[in-house]
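The values are calculated or read from the model by the stated rules, or taken from the named source; none is laboratory data. If you're wondering where the values come from, they're calculated on a predicted model, not measured in any experiment. So basically every Cβ, Gly included, is an ideal-geometry build from the backbone, and we count neighbours across all protein chains shown.
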Amino acid sequence: MRPEEIARMFSRIARRYDLANHVLSLNRDRAWRRELVREADPKPGERLLDVCTGTGDIALEFARTCPDLEIVGLDLSEEMLRVAREKVHPHPRPLSLRGERGERAEGSIQFVRGNALELPFAQDSFEIVTIAFGLRNLPDRVQGLREIYRVLSPGGRVFILEFSVPQHVLVRLIYLPYLRYILPRVGGVLSGSRTPYEYLRDSILDFPERAQILEELSEAGFHPVGYRDLTFGIATLYRGKKPW
Ligand SMILES: C[S@@+](CC[C@H](N)C(=O)[O-])C[C@H]1O[C@@H](n2cnc3c(N)ncnc32)[C@H](O)[C@@H]1O
């Protein structure tokens with residue numbers, strides 16, 4: 001699928017995306033995002049880009065954890081970004097009230113429309129780049145990783161959260177039938193469209209093995225690289241560093 005078609009598919013389910021995520025993952029998605037932020041260990045003043053930000057939950061989790069970050073969330077779907085912006089400013093207020101108590105952390109988040117394969121930023125623009133459940137959607141993963149490498153400053157870190165197929169045979173026995181038959185149906189009911197959840201199932205099953213992703217990270221220039229499985233290997237958190 002072309003990036004624009006994928007973005008259109010997400011636009012159609014934007015309003016129900018979060019609910020479907022929480023139900024289908026039994027709320028583990030929240031814990032996985034928190035784990036990513038914990039592992040990234042952001043420092044005040046760092047600049048962070050969240051690629052394929054969707055409804056902005058990674059960006060918001062960073063803002064909550066470390067209020068002095070400069071955060072940009074990027075996505076190709078305007079509808080997903082609209083939901084993300086509403087989470088930052090749930091009730092439209094007159095400009096004069098902006099910046100009042102309680103808005104400071106969220107005020108440092110900017111959501112922009114753009115393509116992960118051609119990031120609209122200069123090289124060395126960020127200390128941290130994250131991409132959660134987005135790499136699977138890129139038709140050219142290595143190009144996506146090269147773009148992340150380009151916009152990271154030397155010493156900068158990338159963190160990738162992605163679904164995986166569990167390695168343990170007993171976990172696979174339960175998870176694979178769930179993924180193949182239950183997830184598309186339940187996702188369809190919750191979101192009003194089954195297509196994105198059939199696509200989710202197929203793209204998880206087609207996603208390369210962990211070792212291959214590490215190779216692609218290295219190919220893009222990252223060193224060192226590594227990964228850690230989460231929740232029996234249903235999700236994997238990859239990391240890489242742009243050398244000094
Ligand atoms: C599964 S959602 C993940 C959203 C969010 N990161 C999360 O953790 O829930 C994937 C997102 O990637 C976006 N996307 C797909 N292809 C893209 C591309 N080429 N450039 C930017 N965003 C893209 C979609 O619009 C969608 O919002």
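Please determine whether any residue of region 198-221 is farther than 28 Å from GLY240 by Cβ, under 20 Å from the mean Cα position of the chain (by Cα) and assigned to a helix (DSSP H, G or I). Steps first, please.
Keep residues of region 198-221 that are farther than 28 Å from GLY240 by Cβ, which gives 198.
The next check asks that each one be under 20 Å from the mean Cα position of the chain (by Cα); those that pass are 198.
Filter once more, keeping what is assigned to a helix (DSSP H, G or I): 198.
Yes - at least one qualifying residue is present in region 198-221.
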Problem - Matching residues in region 130-143 - criterion: being more than 7 Å from the ligand (Cβ to nearest atom) and part of a helix (DSSP H, G or I) - result: LEU135, ARG136, ARG141, VAL142, GLN143
Exercise for the section: Could you tell me whether any residue of region 180-191 is aliphatic (A, V, I, L, M), surrounded by fewer than 18 Cβ atoms within 10 Å (Cβ to Cβ), within 29 Å of GLU127 (Cα to Cα) and free of Cβ contacts under 8 Å to residues at least 24 places away in the same chain? Expected result: no
Practice task
Determine whether PHE126 is under 13 Å from the mean Cα position of the chain (by Cα) and either surrounded by 14 or more Cβ atoms within 10 Å (Cβ to Cβ) or of a type outside the set (A, V, I, L, M, F, W, C) (or both).
Solution key: no
Exercise for the section: Return a yes/no flag: does region 38-46 have any residue that is at pLDDT 95 or above, buried (at least 20 other Cβ atoms within 10 Å of the Cβ) and not in a loop (DSSP other than H, G, I, E, B). Expected result: yes
Exercise for the section: Kindly check whether there is at least one residue in region 20-29 that is within 12 Å of the ligand (Cβ to nearest atom), assigned to a strand (DSSP E or B) and at pLDDT 95 or above. Expected result: no
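Quick one: would you say ARG146 is in contact (Cβ under 8 Å) with a residue 24 or more places away in the chain, assigned to a strand (DSSP E or B) and within 23 Å of ASN115 (Cα to Cα)?
Working: in contact (Cβ under 8 Å) with a residue 24 or more places away in the chain: yes; assigned to a strand (DSSP E or B): no; within 23 Å of ASN115 (Cα to Cα): yes.
Against the criterion (in contact (Cβ under 8 Å) with a residue 24 or more places away in the chain, assigned to a strand (DSSP E or B) and within 23 Å of ASN115 (Cα to Cα)), ARG146 does not qualify.
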Exercise for the section: Please determine, by comparing only the residues of region 129-161 that are small (Gly, Ala, Ser) and farther than 16 Å from PHE62 by Cβ, which one is surrounded by the fewest Cβ atoms within 10 Å (Cβ to Cβ). Expected result: GLY155
Practice task
Output yes when any residue across region 69-76 is within 9 Å of the ligand (Cβ to nearest atom), part of a loop (DSSP other than H, G, I, E, B) and either at pLDDT 95 or above or buried (at least 17 other Cβ atoms within 10 Å of the Cβ) (or both), and no when none is.
Solution key: yes
